[in-house]
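Novice: Following this message is one structure expressed as structure tokens.
The values are calculated or read from the model by the stated rules, or taken from the named source; none is laboratory data. Fair warning: this is a prediction, and the values are worked out from it, not measured in the lab. All Cβ positions, even for glycine, are placed from backbone atoms using ideal geometry, and neighbour counts span all protein chains on display. Note: areas computed on protein heavy atoms with side chains; ligands, DNA, RNA excluded. Shrake-Rupley method; radii C 1.70, N 1.55, O 1.52, S 1.80 Å.
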Amino acid sequence: MNWIPDSFRRRKLFDELSEEMRLHLEERVEHLIGQGLSPIEAQRQARIAFGSLAMLEQRSREIWLWPTLESMWADIRLAARQLRKSPWFAVTAVLTLAMAIGANAVVFGAMNGLILRPLNVPQSQNLYSIERAGDSDTSESYPNYLDMRERNRSLVDLAAYAISQVGLDAGHGPVTTWGLEATGNYFDSLRIHPYLGRFFHASDEHGPNSAPFMVLSYAYWHSQFQDDRDVIGRIVMVNKHPFTIIGVAPPTFRGTLVFYSPNFFVPEVNKEQVEGVNDLSDRGSRGLLQVLGHLKPGVTRAQAVADLNSIGTWLVRAYPRSERPVSFYLGRPSLLGKEVSRPVTAFVAGLMLLATLILLAACANLGGLFAARVADRSRELALRLALGSKRTRILRSLFTEALLISLLGGAAGAAGSVALLRWLSDWQPFGNFPMHTPVTPDASVYSAALLVTLLSGCLFGAVPIAQVLRTSPYEVVKAGLAARTLKRFSTRDVLLVVQISLCAVLVTASLVAVRGLIRSLHGPFGFDLNHSMLVDLRMVGLSGNLEGPTQRRMLDAVEAIPGVDSAALTDALLLSDTIATNVFTDTTTDLSASHVAAAPFTFRVSPAYLRSEGTVLVAGRSFTKNDDKNSPRVAIVNREFARKLFGSEIAAIGRYFKMPDGTRLVVVGIAEDGKYGSLTEDPHPAMFLTLTQWSAGPQWMVIRSGRDPQQLGEEIRRVLHQVDAGIPVEVEKRSDELVTVLFGPEMATIALGVLGGIGVILSITGIFGMAAYSVSKRLKELGIRVALGAQRKEVLRAAFGRAVKLLVIGSAAGLGLGILATRVLAFIVYQATPRDPLVLAGVVAAMAVLGLVATWIPARRALSVDPVILLREE
């Protein structure tokens, strides 16, 4: 190939070619002069015969060029020059695409990490969690787990685990930390190997509290033990019980739950030492124990579900008092069951759809601006065609310009999204709770961003194709820049209406989410957040005897603090760790699960609990110190419980009901309804029992006081350390405990707000582009109207009548769709309702302001039209 060596002396060859063509043209001129023509006529005739000198010279030079590469490089340089000539267009286009592509990359990264990406363990493709279909409580009791492990014929290596919080003392005083209680075969079931030391195994378990071993996560070993390899064999205190560190998990293993990265792993059989309670033999206690296992080779999910359902039928026959008919479901071991997975999956999928629509709106927006830009360059393109340029070459240069814009926008968007995803991966919003959001960008995220970038450039770059193919050089040069008659209804109008509708949907959803979140913070919880403090006792390991020395002294010490109105103990916290219990009517004799009258959330509390929580007692009395083990069993129930079991609140006082073991309880009080499991739940039965009568271990202390929370917290820590210096005291405001409950609504509100803001910007850009293009094309018409005496409002109506119509149509359609779409938010954001007058008024006002902002500059240009100057230019 001669053009390869010739490329290194290209400038000399170009100069020689130009000189040869010049000599050839001069020779032809001299020949014509010799035939009797004048020099001017000879020059003209020679040029006609020779053709376009520039075009011939360009085509002749191509034999020394690298055919494709250099042609593409020339197109890129031309596109860069064009963008430098229009910096505002370039900046607007790049930022528009950066926002759209960045939003898609972030949402795809979240979907990839939370939904698509499997657990980072071997053979994760056939690893499933066992859940109860149609049951919000996806956990199992330890005896049920043992039965499923022994009786099933479809899954192998069934393991179980549960989240736990402990007070860990590694020699520097007790600190609270989070981990997992796991069955002995947990690590063997996952097929992973330790980074250091060894894991615990099923062979280490020999009954309750028989395996005081601990495995550290790699991150916790790195941060708290400074990568000390001598940590193996060290004894640490877990809630004052000695545990031996035997291993460190591999760096890539972060447990089997999304959003949670445990700091340590301990055997489930040591639950009594870790949590202070031993329910390993209690079949009715489903203490958040999650079960997972691998499908056997050749077994389908349907066959495994049928096998598990047969075990469920056997459990109902064998244990009718604690079990009721159930069907099982196999899910992916990621989120806490399908009741959490489905809303999260649906919401992320909805965000992905909205982000895709935003990308399409951005492409439509840029397509309109690109078409207007090509229209403004119609004379240039016509001259290029007249000089012999091919239409395909012009289209290729336009596509190059579009791809250059998309690559710049994609690079900016991808860089921002990668930074945001990495920040989200390390984000710790809940203090020492080891939250882990597995959204670190990987190759799939980068590939998706690149694909979206190239696709975007092709989409909006293809818009002016028909415009270029229809261009007639003769007509354009002859007509100049005369305005064409605007179509009554064009494809660009449809795209703009869709874009405005999408913006209205996002604005509606954002306002609904904001209003719902505000209501959540000021809604009826069934307890009073103000002037309430919490002391976390879960790491203390208190026994169930309220009269025991430690808890009695703790309660008395806190109650003696000046300014403390009341203090109480409870084994569970509202909106945090609620557990349901089956109850029966007093006349029921068959206490099997099929005859359950209700499954109320159950709280075992000390006498002053309702007052400390700020829960209103609407009838009857509160608990007293006389409600002890020697007195009749009593209960305080909420209104929903009273209505469900006794028909009315008034009829409930003094009535009896039964527990699964046949114990009769008498209702002594009626409390107001509240929120127990989640903010979005329907009214649910609840009952409060006494700690002394049920020997429950208190987990929290609730304190009501009007003092400054910071000062009171320091005073509480001081007096509790006087009771027992080894107690890891965690004091917080009652409202701080709602952070986890409100996390989902807050994230939904922020995500919708960001997407809504992007939609607003795109709509402003789209309306502005259409309005500016319309005014520029109709300046002559507007000038004539002004010359004929048209009023300012008539000029504005003529210039922006179409834009206003499209804004009204798109806003109305978007508001209607938004009202329908925001019903989904009711499952995530408490009290989110689109039928709020403030929301409707806010959407109308927002869209009106959007229209004013978008048309402000074109309106000023239309009103400043000077007909004298326009007509003089013609």
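Novice: So, with +1 on the Cβ of K and R and -1 on the Cβ of D and E, and no other charges, what is the size of the charge dipole of the stretch 116-255 about its Cα centre, to the nearest 20 debye? Walk me through the numbers before you get to the answer.
Specialist: Numbers: 11 positive and 15 negative charges, 56 e Å.
Its charge dipole is roughly 280 debye.
Novice: Here's a follow-up. Can you tell me the FRET efficiency between residue 629 and residue 116 if r is taken as the Cβ-Cβ distance and R0 is 56 Å, rounded to the nearest 0.05? Don't skip to the answer; put the middle values down first.
Specialist: On the way: r = 54 Å, r/R0 = 0.97.
The value I calculate is 0.55.
Novice: Here is a follow-up. Amide H of residue 730 versus every other amide H placed in the peptide plane: which residues, excluding those fewer than 5 positions away on the same chain, fall under 5 Å?
Specialist: Result for residue 730 returns 536.
Novice: Moving to a separate point now. Using label points projected 7 Å from each Cα along Cα→Cβ, tell me how many nm separate residue 278 and residue 157, to one decimal.
Specialist: About 3.1 nm separates the two model spin labels.
Novice: Summarise the accessible area of the stretch 567-681 (1.4 Å probe, protein heavy atoms) by the percent that is carbon and sulfur. Numbers along the way, then the final one.
Specialist: Numbers: 2210 of 4610 Å².
Carbon and sulfur: 48 percent of the exposed surface of the stretch 567-681.
Novice: Spin-label point model (7 Å from Cα, Cβ direction): what's the residue 20 to residue 552 distance in nm?
Specialist: 11.4 nm
Novice: Another question, if that's okay. If r is the Cβ-Cβ distance from residue 201 to residue 618 and R0 is 41 Å, what FRET efficiency results, to the nearest 0.05?
Specialist: E between residue 201 and residue 618, to the nearest 0.05, is 0.15.
Novice: Using Cα pairs under 8 angstrom and six or more residues apart, how large is the relative contact order of the stretch 94-219, in percent? Mind dumping the intermediate values first?
Specialist: Numbers: 89 pairs, mean separation 19.0, N = 126.
Contact order relative to length: 15 percent.
Novice: Please list 643-649, 97-103 highest first by mean number of surrounding beta-carbon atoms within 10 Å per residue. All intermediate terms of the calculation are to be shown ahead of the outcome.
Specialist: On the way: 643-649: 16.7, 97-103: 26.3.
So the peptides 643-649, 97-103, ranked by packing, come out 97-103, 643-649.
Novice: For residue 84 and residue 736 in the same chain, what is the full-extension length gain: residue separation times 0.36 nm, less their Cα-Cα distance, in nm? Please list the in-between numbers first.
Specialist: Numbers: separation 652, 0.36 × 652 = 234.72 nm, distance 5.26 nm.
Gain in length upon complete extension: 229.5 nm.
Novice: In addition: If Lys and Arg each add +1 and Asp and Glu each add -1, what is the summed charge of the other residues whose beta carbon sits under 15 Å from the beta carbon of residue 585? Provide the component values of the computation, followed by the final result.
Specialist: Values: positive: 643, 644, 655, 658, 664; negative: 586, 590.
Spelling it out: positives minus negatives among the neighbours equals +3.
Novice: Using 0.36 nm per residue of separation minus the Cα-Cα distance, give me the extension gain between residue 91 and residue 444 in nm, one decimal. Write down the numbers at each step before the final one.
Specialist: Numbers: separation 353, 0.36 × 353 = 127.08 nm, distance 2.82 nm.
Taking residue 91 through residue 444 to full extension adds about 124.3 nm, to one decimal.
Novice: Local charge sum around residue 204 (other residues, Cβ-Cβ under 12 Å, Lys/Arg +1, Asp/Glu -1)? The partial results should precede the final answer.
Specialist: On the way: positive: 198; negative: 188, 205, 268.
Charge balance near residue 204 sits at -2.
Novice: Between residue 345 and residue 791, take the C-beta separation as r, use R0 = 41 Å, and let me know the FRET efficiency to the nearest 0.05. Intermediate values should be presented prior to the final figure.
Specialist: Working: r = 57 Å, r/R0 = 1.39.
Step by step, r from the Cβ atoms, then E = 0.10.
Novice: Listed here are the pairs 240/733; 658/733; 85/793; 625/733; 240/675; 240/658; which of them are more than 29 Å apart at the Cα?
Specialist: Details: 240/733 26 Å; 658/733 36 Å; 85/793 35 Å; 625/733 27 Å; 240/675 34 Å; 240/658 37 Å.
Result: 658/733; 85/793; 240/675; 240/658 exceed 29 Å.
Novice: If you don't mind, another one. Can you list residues whose amide H is under 5 Å from residue 254's amide H, if they're 5+ apart or on another chain and H is modeled 1.01 Å from N?
Specialist: Under 5 Å from the amide H of residue 254 lies no amide H from a residue far enough along the sequence or on another chain.
Novice: Run the numbers for residue 353 and residue 708: contour at 0.36 nm per residue of separation, minus the present Cα-Cα distance, in nm.
Specialist: Values: separation 355, 0.36 × 355 = 127.80 nm, distance 4.65 nm.
Extending this stretch completely gives an extra 123.2 nm.
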